[in-house]
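Notes follow the structure.
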Amino acid sequence: EAQVTQNPRYLITVTGKKLTVTCSQNMNHEYMSWYRQDPGLGLRQIYYSMNVEVTDKGDVPEGYKVSRKEKRNFPLILESPSPNQTSLYFCASSPGGAGDTQYFGPGTRLTVL
Amino acid sequence: AQTVTQSQPEMSVQEAETVTLSCTYDTSENNYYLFWYKQPPSRQMILVIRQEAYKQQNATENRFSVNFQKAAKSFSLKISDSQLGDTAMYFCASPILDSNYQLIWGAGTKLIIKP
């Protein structure tokens with residue numbers, strides 16, 4: 001089954017404790033992206049990747065890191081989480097760029113205390 | 001800064017009625033795609049419909065259709081014969097100027113279908 005998976009689905013952590021949210025797709029897509037969703041703000045892009053080893057900042061990259069060492073994986077790293085990073089996070093992939101249909105993971109609900 | 005505006009934070013209609021969700025955008029791209037995504041209570045984001053801006057014909061997917069007014073930069077979504085399963089948040093999205101890799105998203109419209 002073609003899908004984007006994210007883990008964990010829910011995470012509660014404390015300020016400053018490094019964490020990684022994994023994202024994997026099995027559709028051989030070139031493009032992957034991370035978004036955060038906050039009430040009243042829609043989706044905001046954090047980082048995106050056009051291909052292996054090629055990443056770029058989105059609208060709200062501060063406090064986040066990403067890497068794309070393999071085509072299928074695109075982890076999101078929070079080196080020192082803060083409460084303002086409490087949000088719902090989505091990973092997405094598409095064959096090409098933003099003009100293609102994006103396939104989304106199930107979301108990760110992160111709470112930083 | 002570019003914006004995508006969904007002017008209806010929440011709407012509710014009776015089952016089987018037709019409902020239209022509005023969206024305006026302000027990209028200056030010449031050729032681009034516009035999207036409507038649906039997010040049901042399960043939180044899963046699902047593509048509803050995609051419109052290619054250079055096409056005159058409005059996109060249609062079963063009960064879902066768009067009214068695309070390029071000059072007015074308006075991209076509304078019409079849902080015909082609404083069903084309980086259409087209850088969801090609906091987001092429209094348009095490309096960011098000069099980027100093939102980024103979309104800008106509206107704040108969403110919460111649609112409730114009442115039995």
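Tabulated values for the structure
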{"item": "Close pairs from the range A:74-101: first closer than 20 Å to B:Gln44 by Cα, partner of a type in the set (Lys, Arg) and assigned to a strand (DSSP E or B), Cβ under 6 Å, at least 6 apart", "result": "A:Ser87/A:Arg36; A:Leu88/A:Arg109; A:Tyr89/A:Arg36"}
{"item": "Within the range B:4-21, tally of residues that are closer than 24 Å to A:Tyr103 by Cα and more than 10 Å from chain A (Cβ to nearest Cβ)", "result": "2"}
{"item": "Residue match in the range B:67-89 (condition: in a loop (DSSP other than H, G, I, E, B) and within 14 Å of chain A (Cβ to nearest Cβ))", "result": "no"}
{"item": "Top-ranked residue in the range A:64-91 [being more than 27 Å from B:Tyr33 (Cα to Cα) and basic (Lys, Arg); ranked as least open to solvent (accessible area, probe 1.4 Å)]", "result": "A:Lys65"}
{"item": "Filter result for A:Gly107 (open to solvent by 10 Å² or more (accessible area, probe 1.4 Å) and modelled with pLDDT of 95 or more)", "result": "no"}
{"item": "Residues being under 19 Å from A:Gly96 (Cβ atoms), more than 10 Å from chain B (Cβ to nearest Cβ) and either buried (at least 17 other Cβ atoms within 10 Å of the Cβ) or modelled with pLDDT of 95 or more (or both) - total across the range A:32-51", "result": "3"}
{"item": "Unmet requirement for A:Ser94, which otherwise passes all of (1) among the hydroxyl-bearing types (Ser, Thr, Tyr); (2) farther than 28 Å from B:Asp98 by Cβ; (3) open to solvent by less than 10 Å² (accessible area, probe 1.4 Å)", "result": "(2)"}
{"item": "Residue selected from the range B:22-56 under the condition over 13 Å from A:Gly99 (Cα atoms), in a loop (DSSP other than H, G, I, E, B) and among the hydrophobic types (A, V, I, L, M, F, W, C), by the criterion nearest to the other protein chains (Cβ to nearest Cβ)", "result": "B:Met45"}
{"item": "Residue within the range A:10-31 that is under 17 Å from B:Leu103 (Cβ atoms) and crowded, with 18+ Cβ neighbours inside 10 Å present", "result": "yes"}
{"item": "Sole residue being among the basic types (Lys, Arg) and on the phi > 0 side of the Ramachandran plot, chosen from B:Lys38, B:Lys73", "result": "B:Lys73"}
{"item": "Residue check for B:Lys110: of a type outside the set (Asp, Glu), open to solvent by 60 Å² or more (accessible area, probe 1.4 Å) and in a strand (DSSP E or B)", "result": "yes"}
{"item": "Residue in the range A:34-52 that is assigned to a strand (DSSP E or B) and more than 24 Å from B:Trp36 (Cα to Cα) present", "result": "yes"}
{"item": "Boolean, A:Pro61 is open to solvent by 10 Å² or more (accessible area, probe 1.4 Å) and assigned to a loop (DSSP other than H, G, I, E, B)", "result": "yes"}
{"item": "Qualifying residue in the range B:84-96 (condition: among the acidic types (Asp, Glu) and either modelled with pLDDT under 90 or open to solvent by 20 Å² or more (accessible area, probe 1.4 Å) (or both))", "result": "no"}
{"item": "The range B:98-115 residues that are more than 7 Å from chain A (Cβ to nearest Cβ) and over 24 Å from B:Gln83 (Cβ atoms), paired with ones that are open to solvent by 10 Å² or more (accessible area, probe 1.4 Å) and modelled with pLDDT of 90 or more (beta carbon under 7 Å, 6 or more apart)", "result": "B:Ile104/B:Val4"}
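The values are calculated or read from the model by the stated rules, or taken from the named source; none is laboratory data. Computed from a predicted structure; not experimentally measured. Virtual Cβ from ideal backbone geometry, glycine too; neighbours counted across all protein chains shown. In case anyone asks, the SASA skips ligands and DNA or RNA and just uses the protein heavy atoms, side chains included. Shrake-Rupley method; radii C 1.70, N 1.55, O 1.52, S 1.80 Å.
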